[in-house]
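For reference, the structure is listed below as structure tokens.
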Amino acid sequence: MKPHTPSLEQIFDTHIQTLATTLRPQTVQVYRCVATRFLACLHANFPQVRRLSQLCRDPHLLRWLQTLVQKDPPLSNKTRRDYLLCLRRLLDDCADNGHTIEPGLIRRQDFPPLPQALPRALSPEEDQRLQEAFQRSDDLCSQALLLTRATGLRIGECVDLPLDCLRAVGDQQWALHVPLGKLYTERLVPADENIRMIVARLLQLRALTPLSWRENSPGLLLPRPYSRDAVYRSLRRTLLATAHRAGGPQHVVCHQLRHSFASEMVRLGISLPALMRLLGHKDIRMTLRYVTVTQIDLQREFHLARQNVSQVHRIPNLSLPPDDSLDRADLCGIGRALATTRHLLEMFRRQLTDEKTRRRLHRLDQRLLKVVSQLENLNGPEK
């Protein structure tokens, strides 16, 4: 009897089940979707292909690439890149498990470029008018949007905030607990008096909503009349209407409040690592995409830097101990001078904030220490 040859569907399904042991269910679902669409395209155009060893870049893979481009409605470049990454991962896994596959089926040039989106922060004037309009409205959605702007939360994170989101983290110190969100991480966002007042007002407004809303969303700060999407649609409508009344941009989305928060924090002097933690990012490059640096910011930073040009670092003076041996070029005097130099070098190193420079000075100190040690060895026989 001939050995059973598994179909392409069975081969891909086997490897996707292996991926399911380590990946999240949503990610596994994406792999299944990509495999299904690729095999459907392959069977529709090349029904004679039944084994992985028959796959060729031209025409099989190139035909699938054309199919992705011709989708109606068209797929975004990011979606097409994700499809290619998933299929390449599946093909590589199959090759690692002994299947014969032609190399180079998917190449680097097949991946479409990602759009380089500019930060979408509102201008300082538009941002101020919008916040004032939210405060005047004093309804549940307006206060929720005001909280989003004050904390930099994603709108989905704001919708999912629990009733006890405000936590005491120290003496007169409070923080907003953000549960697992987009990146499956939770964080604590510092909360000042203004943020605590917004949360308190939201609790008051929540108590005035219909009982059915509160019963439909127990434990959540924002009650849901029907579903999570219904809350988001209400926030979106409130934002558009408020922006129109405040004379803001016609096309504004909730995520722009997050960009505006990030730009304001940088303008106020926060460091990028701290801002990354506030926004809940895992990569500093994503944080940089949120920040808008205006011409006013550039002028201020430039003039501040020029004012400090004459005092970048406070360099200590080299004062050697008053010892007659220092006037003589002998080993004892050189050793004393090196010891003093090492002490002043360490004092200077502790003033620096640049970690790279601090490490370089530490390595230099270790070299001086070796010189001192060798001098002591030379001076030993003379004692």
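Over region 1-100, Cα pairs under 8 Å with separation of 6+ residues give a relative contact order of 36 percent. Rounded to whole Å, the principal axis extents of the Cα atoms in region 8-110 read 34, 29, 25, largest first.
Among residues other than ARG107 with Cβ under 11 Å from its Cβ, the summed charge is +2 (Lys and Arg +1, Asp and Glu -1). Calculated from the structure at hand, semi-axes √(5λ) of the Cα gyration tensor in Å is found among [x] 32, 27, 23; [y] 35, 29, 17; [z] 53, 41, 21 as [z]. Each of ARG108 and LEU23 was given a label point 7 Å from its Cα along the Cα-to-Cβ line. The distance between the two points is 2.4 nm.
Please identify every one of the GluC sites (Glu not before Pro) in region 186-234 that sits in a loop by DSSP and has no more than 12 other beta carbons within 10 Å of its own beta carbon.
Passing sites in region 186-234 are GLU186.
Two numbers describe the Cα atoms of region 324-379: Rg and Dmax, which are 13.1, 38 Å.
The GNM of the chain, with springs linking C-alpha atoms under 10 angstrom apart, assigns the highest mean-square fluctuation among GLU355, GLU157, GLU125 to GLU355. Among GLY156, GLY219, GLY98, the largest mean-square fluctuation in a Gaussian network model of the chain, built with springs joining Cα atoms closer than 10 Å, belongs to GLY98. For the chain, averaging the sequence separation of C-alpha pairs within contact (under 8 Å, six or more residues apart) and dividing by the residue count gives a relative contact order of 13 percent. The mean sequence separation of alpha-carbon pairs under 8 Å and at least six residues apart, normalised by the residue count of region 324-379, gives a relative contact order of 37 percent.
Loop-only check: which trypsin sites (Lys or Arg not before Pro) in region 23-57 are DSSP coil with at most 16 other Cβ within 10 angstrom? In loop regions of region 23-57 (DSSP not H, G, I, E or B), the sparsely surrounded trypsin sites (Lys or Arg not before Pro) are ARG50, ARG51. Once you have the Kirkwood Rh of region 124-298 from its Cα pairs, apply Stokes-Einstein at 20 °C and 1.002 mPa s and quote D in µm²/s. Answer, rounded: 128 µm²/s. Set Lys and Arg Cβ to +1 and Asp and Glu Cβ to -1, take the dipole of the chain about its Cα centre, and tell me which of ILE101, GLY219, LEU272 lies farthest positive. Positive-end residue among those listed: ILE101.
Helices in the chain, meaning DSSP H runs of at least 4 residues, each add -39500 (n - 2.57). Divided by all residues, the mean residue ellipticity at 222 nm is -18000 deg cm²/dmol.
Note on region 39-112 and region 177-206: Cα centroid distance 44 Å, given to the nearest whole angstrom.
Bear in mind that the values in this text are calculations on the coordinates, not laboratory data. As the structure is a computational prediction, the values presented were derived from the model and not from experiment. Neighbour counts run over all protein chains shown; Cβ positions are idealised from the backbone, glycine included.
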